[in-house]
1. Using helices alone, I'd like the mean residue ellipticity at 222 nm for the chain: each DSSP H run of four-plus residues gives -39500 (n - 2.57), total over residue count, nearest 500.
2. List the aspartates and glutamates whose Cα lies under 17 Å from the Cα of residue 108, skipping any in the same chain that are fewer than 8 positions away.
3. For the chain, just give the cysteines left without a disulfide-compatible partner, judged by no other Cys Cβ under 4.7 Å.
4. Taking segment 1-81, how much of its Cα-Cα pair set, in percent, is spaced more than 15 angstrom apart?
5. Report the net charge of residues surrounding residue 54, where surrounding means a beta-carbon distance below 13 angstrom and charges are Lys +1, Arg +1, Asp -1, Glu -1.
6. What is the extension gain from residue 373 to residue 418, computed as 0.36 nm multiplied by their sequence separation minus the C-alpha to C-alpha distance, in nm to one decimal?
7. Please report the Cα spread of the chain along all three principal axes, rounded to whole Å, starting with the longest.
8. Just the number, please: Stokes-Einstein D of segment 18-176 in µm²/s, Kirkwood Rh from C-alpha pairs, 10 °C, 1.306 mPa s.
Amino acid sequence: MSTLTTRWTPSSWQDLPAKQLPTYPDPDHLKRVLNRISGLPPLVFAGEARDLTEQLARVSRGEAFLLQGGDCAETFDAGGADITRDKLKVLLQMAIVLTYGASMPIVKVGRIAGQMAKPRSEPTETVDGVEMASYKGDAVNGLAATPENRVPDPDRLERMYHHSASTLNLLRAFTRGGFADLRRVHAWNQEFVAESPEGKRYDQMAEEIERALAFLEAIGIRTDADPTFNTVDFFTSHEALLLDYEQAMTRQDSLTGDWYDCSAHMLWIGERTRQLDHAHVHFLSGVHNPIGCKVGPTMTPSELLQLCEVLNPGNIPGRLTLISRMGVDRVADVLPPLLEATRDAERNVVWITDPCHGNTITSESGYKTRRVEDVFGEISGFFAASKAAGTVPGGVHMELTGENVTECLGGDQRIADLDLPQRYETACDPRLNNEQSLELAFQVAEMLRG
Ligand code: PEP
Ligand code: CO
C-alpha cells in the first residue's frame with residue numbers, strides 16, 4: 001500500500017513502513033498507556049492551529065517572518081520554570097530585534113512543550129565497551145548510558161504529555177500575563193548578556209522602543225489596555241516522530257469535523273522520516289495543523305513536488321513549511337533548483353532555513369558542536385538563493401537555549417574547543433547560547449533589511 005492510495009484515518013499509518021519508531025518489549029503495556037493518553041485533554045486547540053496557518057500564510061507572501069527555535073531535545077529534568085522562562089526570554093528578544101530591525105511582524109514558534117523524541121543515525125552505540133541502544137529522547141528511553149536504561153518505556157509517553165502540559169501552561173501564563181508586555185522589553189535582557197556587545201546593542205534598541213511607547217502614551221494611546229502591547233502569540237511545535245503518541249493526541253474538531261493533532265500547534269517531519277510512501281508523511285497528510293518537512297541535500301525537485309502534492313494537495317497557503325537544512329558548503333548548489341521547482345509549479349509554501357543540522361561537526365577534543373560562522377553562513381546562503389530565485393526567505397529554524405551554555409564554537413564570545421566542557425549540557429545536539437542567539441537575530445535583521 002502506498003501513502004497516495006491509503007484512505008486516511010488517525011491509525012492508517014500503521015499499514016505503512018515506518019523508520020525510526022521504537023520497538024517496545026511489552027506491546028500490551030504500550031496499548032494501556034496510549035488508551036489513557038487518548039482520554040486526556042488536548043494540549044492545543046484546532047482554532048489555535050488554524051490561527052497559526054493564517055499567520056504562516058502571511059509568511060508565505062513575504063508579509064511576516066517565522067522565528068522557530070528551542071532545544072534539540074527537551075528533557076524531563078529541565079522542567080523547571082526558569083529554563084522555560086529563559087528560553088522564552090531569548091525568543092522574545094530575538095523576535096523584537098527582528099520586528100524592530102526589519103519592520104516585519106514575527107511569527108513565534110517554539111521547539112518546545114513536546115520536543116522529546118529524536119531520530120538517530122545509528123540505532124546502537126558502544127559506551128566503555130558495552131553496546132546499547134542509542135538515546136532516542138526522554139519520550140523513549142533514558143540518557144544515562146546503561147543497556148537497561150535504553151530500553152524503550154511506554155510510561156515515558158505519558159510523562160511527556162504531562163511535561164508538555166505544564167510547560168505549555170507556563171508559556172500561556174508568561175505570554176498572556178504581563179511578562180511579554182512590550183513595556184518590559186528591557187527586562188528580557190538577562191544580566192550576563194547585558195554586558196556583551198549584543199546585550200548593549202539590545203539595550204539601546206529597548207530604549208528607543210520605550211521612547212516610542214512613551215510617545216504613544218503622550219498622544220493618548222492607552223498601551224496598558226491594548227493586547228497588542230501586552231500579550232504575544234506564541235505557538236508550539238515538535239518533530240512528529242512517535243506516531244503512536246501523535247495518533248493518541250489526534251482529535252476531531254467539533255466545529256469543522258477535521259482531524260487535528262492536538263499535541264502541538266505545528267508538527268514537522270524529520271529528514272530521516274520523509275519517505276513519500278512511508279508512515280510519517282502519510283500521518284501528517286491527514287491532520288489539519290500547519291506542518292513542516294525538513295529538506296536535506298539529497299532531495300530532488302521531482303520528489304519535492306510530489307511531497308507538496310501529498311502534504312498539501314489543496315495548495316493552501318500556510319499549510320506547508322519546507323525547512324531547508326543543507327549545510328553551509330552545499331546550500332548554494334542544492335537549494336536553488338528546489339526553490340525554482342516550487343516557484344515554477346506555483347506551490348504555496350513557506351521556505352525557511354534550519355542552519356543547524358547540516359553543520360554539525362565533531363571538534364578535535366571530541367564534542368558534537370557547530371561553528372556559529374557556519375550557522376550564519378548557511379542563513380546568508382539561504383537568503384542569497386531566495387533572492388536569486390525570486391522566492392520569499394520566510395524564516396529561521398534554530399536550536400538554541402536561553403542558558404549561557406558552551407556548546408557551539410565562535411561568536412563574539414569566541415568560544416573555543418577547550419571552552420566546550422565548561423557548560424556542555426545538551427541531551428542531543430549543540431545549541432546556540434543566549435548571547436549567540438541574540439547576535440544571530442541582529443545579523444538576520446540586517447539580511448532582512450538588505
Ligand atoms: C532536529 O531538528 O532535531 C533534527 C533531527 O533534524 P533533521 O531531521 O533535519 O536531521
Ligand atoms: Co537537533
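The values are calculated or read from the model by the stated rules, or taken from the named source; none is laboratory data. Source: prediction; values computed, not measured. Because the Cβ atoms are built from the backbone with ideal geometry, glycine has one as well, and the counts that use them run over all protein chains shown. Note: accessible area is taken over every heavy atom of the protein model, side chains too, but ligands, DNA and RNA are not part of it. Shrake-Rupley method; radii C 1.70, N 1.55, O 1.52, S 1.80 Å.
1. -12500 deg cm²/dmol
2. List returned: 48, 51, 54, 63, 71, 86, 181, 233, 239, 354, 399.
3. By the Cβ distance rule, which asks for a partner under 4.7 Å, the isolated cysteines are 262, 293, 308, 356, 408.
4. Here the long-distance tail beyond 15 Å is 80 percent of all Cα pairs in segment 1-81.
5. 0
6. Fully extending the segment from residue 373 to residue 418 adds 14.4 nm.
7. 64, 52, 45 Å, listed from the longest principal axis down.
8. 88
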